[in-house]
Amino acid sequence: MKQDREHGLVFNIQKFCVHDGPGIRSIVFFKGCPLSCKWCSNPEGISAYPELAYKKSKCITMEKCGLCVRACPRNAIAADTEGRATIRREVCDACMACVDACPAKAIERMGRLMTVEEILEEITSDAAFFARSGGGMTLSGGEPLLQAEFVTSLLLQARAEGLESAIETTGCVPWEQAEPVFRELDFIYFDLKMLDPVKHRTFTGRSNERILENFKRLCVQFGDKPIVARTPVIPGVNDTVDDIQRIADFIGEAGKHAANLRYELLPFHNFGSSKYEFQNKAYLFENESNMDNAFISVLKQQINASVPLI
């Protein structure tokens, strides 16, 4: 993704959240991620370019409408066997003409360029809730660090306006890109998905070497900041005591001088499965049920962690 200090590519701003940092928060979801995790609950955040999402159930049929077909300059939309729109994504160039034409909002744009001022205008309308709860703004994605120049500008302006800021990151970017962002944050969530490099590449598409090195550097250089290492526990991927113990051991060694480091295990959920259908993508975990919190409790009891567990 080309860096742009003036504009950030955002696919959602979600308000009144309580699980992504202290207090009540607004989450800014940035588009583009260096990983392609098979279980990702925000698949619309992986591509670094605007995309189409199609919700078939909202389509009012070609017989009653058909405006998307007439609007598409590449003839990438046709009727399926039920008379509803179907998008030939191999032909579509995401010009978004169909989005503007669709009166039922069955076709939506995923990703829009926003300025720092536009984002903060939307977020600061909830400043009273932040003040009462100790909340603020959380940057998520996708991967915010892919847009480090813009994110740094956003954080600097947010700080000037008295907003506390957090991030949820995979850490999979060059340290020189991540370091200026970490410097401006008040709270950091850092994903550590698995220690096995082969398994990591198989399930995320990338090596974990840079991620692990960046976590070590984070703990040394910014160990005074509140840091939460997070592991999403995925069925058949990293859900054994041995998997989690290896990660806990790494965190304990890397963070031995980090004063405010904690470790959190996140139970698998399939809440994002419908998004794969909207983007005509296959979802590897469609037959998996949401993970019971009791399973996470047992895992936490069975591992020996040298940092506090959440």
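Looking only at E108, E149, E176, which one moves most when the chain is put into a Gaussian network model with springs between Cα atoms under 10 Å?
Answer for the Gaussian network model of the chain: E176.
From zero up to wherever the largest Cα-Cα distance of segment 175-216 sits, split into 5 Å bins and tell me the percent of pairs in each.
The calculated distribution, bin by bin, is 5, 21, 27, 20, 15, 10, 3.
Using Cα springs under 10 Å in a Gaussian network model of the chain, which residue among P144, P50, P197 shows the largest mean-square fluctuation?
P197
Going 7 Å from the Cα of R89 in the Cα-to-Cβ direction, what parts of segment 273-296 have a backbone nitrogen less than 16 Å from that spot?
The answer is 273-286.
Ignoring any ligand, DNA or RNA, what whole percent of the accessible area of the chain comes from carbon and sulfur when the probe is 1.4 angstrom?
49
Extending each Cα 7 Å along its Cβ direction at S273 and C17, get the distance between those two points in nm, one decimal.
2.3
Please work out the average accessible area per residue across segment 172-263, using the 1.4 Å probe convention, and give it in Å².
41
Quick one: accessible surface of V116, probe radius 1.4 Å, all protein chains present, in square angstrom to the nearest 10.
For V116, the solvent-accessible surface is approximately 10 Å².
With point charges of +1 on the Cβ of Lys and Arg and -1 on the Cβ of Asp and Glu, referenced to the Cα centre of segment 1-90, which listed residue (I13, I24, T86) lies farthest in the positive direction of the dipole?
T86
If you take every DSSP beta bridge whose two residues both sit in the chain, what share of them, in percent to the nearest 5, is antiparallel?
For the chain, the DSSP antiparallel bridge percentage is about 40.
Any aspartates and glutamates with Cα under 15 Å of the K105 Cα? List them, leaving off those in the same chain fewer than 8 positions away.
E51
Can you give me the convex hull volume of the Cα atoms of the chain, divided per residue and expressed in Å³?
144
Output the pairs from K31/K56; K216/K281; K199/K300; K225/K275 with a Cα-Cα distance over 29 Å in this structure; if there are none, say none.
As for pairs spanning more than 29 Å Cα to Cα, those are K216/K281; K225/K275.
Quick check: Cα centre of segment 195-232 to Cα centre of segment 101-170, how many Å?
24
The values are calculated or read from the model by the stated rules, or taken from the named source; none is laboratory data. If you're wondering where the values come from, they're calculated on a predicted model, not measured in any experiment. All Cβ positions, glycine included, derive from the backbone under ideal geometry; neighbour counts span all protein chains shown. Heavy atoms of the whole protein, side chains included, go into the accessibility calculation; ligands, DNA and RNA do not. Shrake-Rupley method; radii C 1.70, N 1.55, O 1.52, S 1.80 Å.
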